[in-house]
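The structure appears below as structure tokens.
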Amino acid sequence: MSKTSIISLRKIKKIYKLGEREIEVLKDINLEVEKGEFLAIMGVSGSGKSTLLNIIGLMDKPTEGEYFLMGRKIAHLDDDHLSELRNAYVGFVFQQFYLIEYLNALENVVLPLLYSHKSVSHLQKKALNLLEKVGLKERYKSKPSQLSGGEQQRVAIARALINEPEIILADEPTGQLDTETALEIMDIFSKLNAEGKTVVMVTHDPNMAAKAKRITKMKDGRIVD
């Protein structure tokens, strides 16, 4: 593991059991991500890229292999400790925006920290600054149904940033957007990366992957490039 790696996977395998069958979704994955990288993981549907992202983001556990996050070996950690690490270091952006329909943009951004010890006024100010960062300050009172797909994804990005994570994980973040809007979202990721965030993005779209600084390709559960 490199001294500057904040994500390090060694011989990672993931096997799912379906009755008597075993399906090996990830096969001997070795991957290093340096601090401040912008990595795109490309592959067709079913290649294992989303499963890999879930393991990187501590949403799932590998069947075999070693995983180090921020230099810390995580295989032995229980779900509570994994949740603490995830909340401290990782922000997620998905293809589905997962916004709460009855909450406005500001409230959706604040949601992950709602039960923290910080005051509501502090959280709202922080959320408003993040909405300004993604170009939506004037729409902070708007509910998801009043926002376009691109605007909803901007809210989702702001929500992912509320914990001040070191790492942004994005799973097909432009999958529901038209090309022009998708490129605008990619510009936001590029700016976040320029500010020092490590970004790991899963995509099947070569035009979106081209915005990353490094591309890794997957096929049939393996890294092939």
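Worth pointing out:
- Residue-level check: of (1) in contact with a strand residue (DSSP E or B) (Cβ under 9 Å, 6 or more places away or on another chain); (2) closer than 26 Å to Thr4 by Cα, Gln95 misses just (2).
- Residue satisfying all of: in the stretch 74-103; assigned to a strand (DSSP E or B) and of a type outside the set (A, V, I, L, M); surrounded by the fewest Cβ atoms within 10 Å (Cβ to Cβ) among these: Phe94
- Qualifying residue in the stretch 143-152 (condition: closer than 19 Å to Leu177 by Cβ, of a type in the set (Asp, Glu) and within 22 Å of the chain's Cα centre (by Cα)): yes
- Set Ala170, Ala194: member being under 24 Å from Thr4 (Cβ atoms), surrounded by fewer than 22 Cβ atoms within 10 Å (Cβ to Cβ) and small (Gly, Ala, Ser): Ala194
- Figure legend. Inter-residue proximity from the stretch 141-157: first residues among the hydroxyl-bearing types (Ser, Thr, Tyr), second residues in a helix (DSSP H, G or I) and crowded, with 20+ Cβ neighbours inside 10 Å, beta-carbon distance below 7 Å, spacing 6+ or different chains. Indicated pairs: Ser142/Ala105.
- Strands (runs of 3 or more DSSP E) (entirely within the stretch 6-73) containing at least 3 residues that are surrounded by 18 or more Cβ atoms within 10 Å (Cβ to Cβ) and within 14 Å of the chain's Cα centre (by Cα): 38-42
- Residue within the stretch 108-123 that is closer than 29 Å to Ile7 by Cα, in a loop (DSSP other than H, G, I, E, B), of a type outside the set (S, T, N, Q) and under 20 Å from the mean Cα position of the chain (by Cα) present: no
- Unique match (being β-branched (Val, Ile, Thr) and in contact with a Ser or Thr (Cβ under 6 Å, 6 or more places away or on another chain)) among Ile100, Ile167, Ile162: Ile167
- Just one of (1) hydroxyl-bearing (Ser, Thr, Tyr); (2) at positive phi; (3) in contact with a Leu (Cβ under 8 Å, 6 or more places away or on another chain) fails for Tyr98. It is (3).
- Selected residue [touching a Ser or Thr at 6+ places or on another chain (Cβ under 6 Å) and modelled with pLDDT of 90 or more] from Glu66, Glu107, Glu34: Glu34
The values are calculated or read from the model by the stated rules, or taken from the named source; none is laboratory data. Just so it is clear, the structure is predicted and the values come from calculations on it, not from any experiment. Using ideal geometry, Cβ is built from the backbone for each residue, glycine included, and neighbour counts are taken over all protein chains shown.
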